[in-house]
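In what follows, a structure is listed as structure tokens, so that the remarks can point back to it.
Here, each number is a calculation from the coordinates, and none is a lab measurement. Computed from a predicted structure; not experimentally measured. Positions of Cβ are generated from backbone atoms using ideal geometry, with glycine treated the same way; all protein chains shown enter the neighbour counts.
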Amino acid sequence: MSRVNCVIAMLALGMAAAGPAYAQRLSASALAERSSIIVRGTVVRAGASDEPMLAASPSTAVIKISHTYAGAEIAGDQTGLTATVILSRPGAVKDGTEAVFFGNPRFLGKTITIADDGELTDASVPEIEKGIQARRDAPVRARLAGASTVFRGKVEKEAPLEVPANPKLKQAGNEHDPEWHVATVRVTTPMKGGKKDAIVSVVFAASRDVTWVNSPKLRPGQEVVLITHKPTKDEEPLLRATGALAAMQKQPFELATDIHDVLPVADEARVRGLVGGGH
């Protein structure tokens, strides 16, 4: 064996010997960031399954959950209940093992079945919470990346968007009318672009159609945090087909079309931190 290969082999052996706890400290937040379900539990039956549609195998285990860190909005608080886990690797745990299980739901029945990305016996709560927060912040970061203005503001009025009269206007490839409305919003706290007390006209989809039901709606009297943007190339065909693009070219308008474009005022500090590069 060459000297270089010997060094590589020794490094590998050293990492294998000293690595498990170190790897856990490094990976807890990363696992939490990509997992929608995170629970702490004790294995009551390794190689077993309580899910009728999932056969027991060395890759499954039934656990008793002692704490739910994330996922209550999907399946309710699982604390005190049992769950079946599809392990990240066969034989990863044995009866009596207490660990934090990071994964995503596979089945929701009488009990929940979790498809695991990883199981850690030494995951710290601060690292778990760091990853959970990063997961929650990810969609907001994505909206901020393309934002033209970010501010806290109060909606003063709202009405249908006046579009140029044209009987030939038809929606391009989308039969679900967004019913564009425009809200007049006064800036109370600017975070990116704009000035305090400035008036911003925000176009949004007022339709309750299935296509737009989760698109944010604005009403007079609301005080919210807004992340607005100019029309993107992907949005232009629909905006053009519905006459909104022509209207927006005549006077300044901003768009708020994503569920994360309009946030409660309780999120102001969080958004301000993300705008400023906070983590």
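As a rough footprinting exposure proxy, the listed residues THR113, THR184 were ranked by other beta carbons within 10 Å of their own, and the order from fewest upward is THR184, THR113. Projected label points at ASP177 and SER124, each 7 Å from Cα along the beta carbon direction, are separated by 5.8 nanometres. Footprinting exposure proxy ranking of TRP212, TRP180, fewest other C-beta atoms within 10 angstrom first, gives TRP212, TRP180.
For LYS157, the aspartates and glutamates whose Cα comes closer than 18 Å to its Cα, not counting residues fewer than 8 places off in the same chain, are GLU179, ASP197, GLU223, GLU254. Exceedance of the 22 Å cut-off in Cα-Cα distance is limited, within the set LYS196/LYS230; LYS154/LYS196; LYS130/LYS217; LYS130/LYS154; LYS110/LYS130; LYS154/LYS230, to LYS130/LYS217; LYS130/LYS154; LYS110/LYS130. Restricting the GluC sites (Glu not before Pro) of the stretch 171-279 to loop positions (DSSP other than H, G, I, E, B) with no more than 13 neighbouring Cβ atoms within 10 Å leaves GLU175. Among the DSSP helices (H) of the chain, those spanning at least 15 angstrom by Cα along their long axis with an average Kyte-Doolittle hydropathy of -0.5 or more are 3-33; this is a geometric and hydropathy rule only.
FRET efficiency for the ARG219 to ARG45 pair, using the beta carbon distance and R₀ = 51 Å, is estimated at 0.45.
Inter-label distance, GLU162 to ALA138: 4.4 nm, where each label sits 7 Å from its Cα along the C-beta direction.
A simple spin-label model places the labels of GLN251 and LEU108 4.4 nm from each other, with each point 7 Å out along Cα-to-Cβ.
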